[in-house]
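All remarks here apply to the structure that follows.
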Amino acid sequence: MLVPQYDAVHVISDIHLGGTQGFQIFNQQEALAWLVDHLATEPEDKKVALVLNGDIVDFLAEPLPPHAQECYFRPSHAITDLERIMEDPAFIKGWEALARFVQTPNRTLVVVLGNHDVELALPGVRECLASRLCTKNDGTPDDAARGRLLFAMDGTGFACRVETRNILCIHGNETDAWNPVDFHTLARISAQKKRHTPLTEWTPNAGTKMVIDVMNEMKRTYRWIDLLKPETETVPALLLAMDDKAVTWSRVKKLFGVAADYLRDRQRGPDHFLSCEREFSESEASEDQAFQSMMSVSYPSLAGPTAPDTTNMDATDMDLLLSEMDTHVAHGTSPAAFANDTAQPEFLGTWGAIWDKLRGRSPEENVREALLGWLKGDPTFDPTEPDATCEKVQDLIGSEVDVVVAGHTHLHKAIKMETGTTYFNSGSWIRLMQLPPDLLGKKPFKKVWAVLKKGDMESLDTAIINGRPLIRHIRSVVSIENEANGKVLGTLATVEESDAGYRLTPVPQGQLGC
């Protein structure tokens with residue numbers, strides 16, 4: 001297969017440029033601009049590619065378009081959103097550096113689609129980005145730079161070569177049942193935009209629904225929620241354990257839907273088609289069953305038996321019931337008391353009682369239990385420890401792929417697979433919250449909880465607990481380069497502060513022959 005050939009390929013991902021002040025999880029534009037300029041100034045005769053490996057822009061963090069109740073995908077508003085993001089003072093230095101990079105001869109900039117920036121696949125949005133990056137300071141277009149800007153928007157990733165080595169860059173959501181992208185519908189909508197015809201309705205995945213339906217609302221109080229990496233089966237329960245105001249049955253209902261969507265998406269293959277043996281199954285897990293499964297993982301001490309079936313309940317009846325329940329709870333009636341009323345459906349008894357217990361305990365204890373279950377034996381921050389994405393990627397690639405670079409998990413990795421393929425994860429540039437076991441004991445967690453309760457980014461950024469910062473900045477970059485001896489070396493490195501500004505520092509055990 002004919003693919004672009006480079007002397008060096010550098011990969012970063014998950015920058016998440018988006019959101020207004022106070023809701024931005026990226027705050028590293030000085031370091032980002034340094035890295036991009038550093039790569040742009042490599043020897044002129046060296047052919048260099050910089051791959052932005054997904055979730056560079058975060059449309060899901062942007063405010064809702066005017067008059068919108070919810071917005072999982074915004075084809076008619078994305079250009080406005082992107083223009084705002086590119087001019088935001090918190091991000092602008094990064095955009096300026098990317099423009100300098102792509103306008104430098106022998107430098108290629110590659111943009112791979114993620115699951116938070118799906119709108120970049122739309123032709124008009126893509127052209128808006130290209131225009132911003134490929135326009136000179138005097139306002140004239142740089143056609144040569146436009147030829148060095150490549151987009152990988154179809155879900156297949158970006159393939160290239162360094163020496164004789166085949167390199168594949170994919171975002172990584174391809175392996176995540178929470179966040180598949182429906183590229184078939186996306187292509188249809190792109191065609192409809194060009195033809196100016198009505199747009200096909202977009203069905204969001206479970207991860208997107210959780211961000212829009214639940215997380216964005218809770219971020220108004222708890223700005224740190226994004227930093228715990230939401231695409232897990234535990235976090236929905238964690239969100240609902242925060243305080244009395246968080247636990248409303250209307251929000252529980254939304255999470256029932258998220259749980260069911262997750263089970264639906266989990267049955268899809270890597271191309272996001274339902275497998276034949278599952279597509280025609282006689283029954284699918286109900287929203288109630290899916291939600292119970294998620295809750296049992298988080299609160300084993302509270303979980304009860306399986307709730308009775310509610311398949312005969314009319315959706316309108318359910319909405320009325322949940323609305324009535326919220327009203328009762330707002331006036332001080334416990335969920336369990338309301339649920340155990342003989343006039344109410346039986347299924348609310350089991351989970352109403354669980355929520356009553358949650359509300360009867362301190363939010364601090366609820367969150368601590370959920371985190372203990374989630375982080376038990378957690379090797380998250382070990383770059384040499386394989387994770388689910390690493391293992392699943394092996395099923396997506398053939399033996400001729402020498403190096404595969406993913407992102408999405410926000411956790412950098414450097415691993416030699418059993419198949420001989422070298423696996424890297426390019427991590428993230430957002431704030432990351434690390435909660436090791438010594439911070440989850442009852443006494444030290446009181447200090448953690450005091451910071452989490454404040455909820456603002458400034459408190460998180462300055463918090464020092466047990467002698468360590470609560471927030472970490474792991475500015476990761478993966479580099480695959482040919483050596484003077486003709487060999488190819490892959491390096492996982494981080495951008496660290498130094499007296500001179502910044503420097504690239506290889507991660508221990510992060511250099512692997514390719």
Amide H neighbours of Trp429 under 5 Å, at least 5 residues apart or on other chains, H built in the peptide plane: list them. Ile15
Estimate the FRET efficiency between Glu458 and Thr164 by the formula 1/(1 + (r/R0)^6), using the beta-carbon distance for r and 56 Å for R0, to the nearest 0.05. 0.65
In whole angstrom, the spacing between the Cα centers of region 1-77 and region 464-505 equals 18
Phi angles of region 409-420, converted by Karplus (6.51 cos²θ - 1.76 cosθ + 1.60, θ = phi - 60°) into ³J(HN,Hα) in whole Hz with x for Gly and Pro, give 6, 6, 10, 6, 9, 9, 9, 8, 6, 4, 6, x
Set Lys416/Lys446; Lys416/Lys442; Lys219/Lys447; Lys209/Lys453; Lys194/Lys392, cut-off 30 Å on Cα-Cα distance; pairs above it are Lys416/Lys446; Lys416/Lys442; Lys194/Lys392
Descending packing, highest mean Cβ count within 10 Å first, for 112-121, 5-14 is 112-121, 5-14
Mean Cα-pair separation over length for region 459-512, i.e. relative contact order, pairs under 8 Å, 6 or more apart, %: 24
What net charge is computed for the residues neighbouring Tyr423, neighbours being all others with C-beta under 9 Å from the C-beta of Tyr423, Lys and Arg scored +1, Asp and Glu -1? +2
Return the long-range amide H neighbours of Ala152 (sequence gap of 5 or more, or a different chain), with a cut-off of under 5 Å between placed amide H atoms. Val111, Val112, Leu113
Rounded to the nearest 0.05, what FRET efficiency is calculated for Lys416 and Thr185 with R0 set to 35 Å and r the Cβ-Cβ distance? 0.40
Taking 0.36 nm per residue of sequence separation and subtracting the Cα-Cα distance, how much length would be gained by fully extending the chain between Thr380 and Val3, in nm to one decimal? 132.3 nm
Tell me, what is the FRET efficiency for Thr20 and Asp395 to the nearest 0.05, using R0 = 41 angstrom and their Cβ-Cβ distance as r? 0.55
With Val102 itself left out, Lys, Arg at +1 and Asp, Glu at -1 over residues whose Cβ is under 10 Å from its Cβ give +3
Could you please report the charge total around Pro65, scoring K, R as +1 and D, E as -1 over all other residues with beta-carbon less than 15 angstrom from its beta-carbon? -3
Theoretical gain in end-to-end length, Arg220 to Ser362 [0.36 nm per residue, Cα-Cα removed]: 49.1 nm
Can you tell me the order of 78-86, 459-467, 471-479 when each peptide is scored by its average per-residue count of other Cβ atoms within 10 angstrom, highest first? 471-479, 78-86, 459-467
Separation of the Thr203 and Arg84 label points, Cα + 7 Å toward Cβ, nm: 3.0
Extension gain (nm, one decimal) between Ser498 and Thr135, 0.36 nm per residue minus Cα-Cα: 127.4 nm
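Every number in this text was worked out from the coordinates using simple rules, so none of it is lab data. This structure is a prediction, so every number in the text was calculated from the model and none was measured. Neighbour counts run over all protein chains shown; Cβ positions are idealised from the backbone, glycine included.
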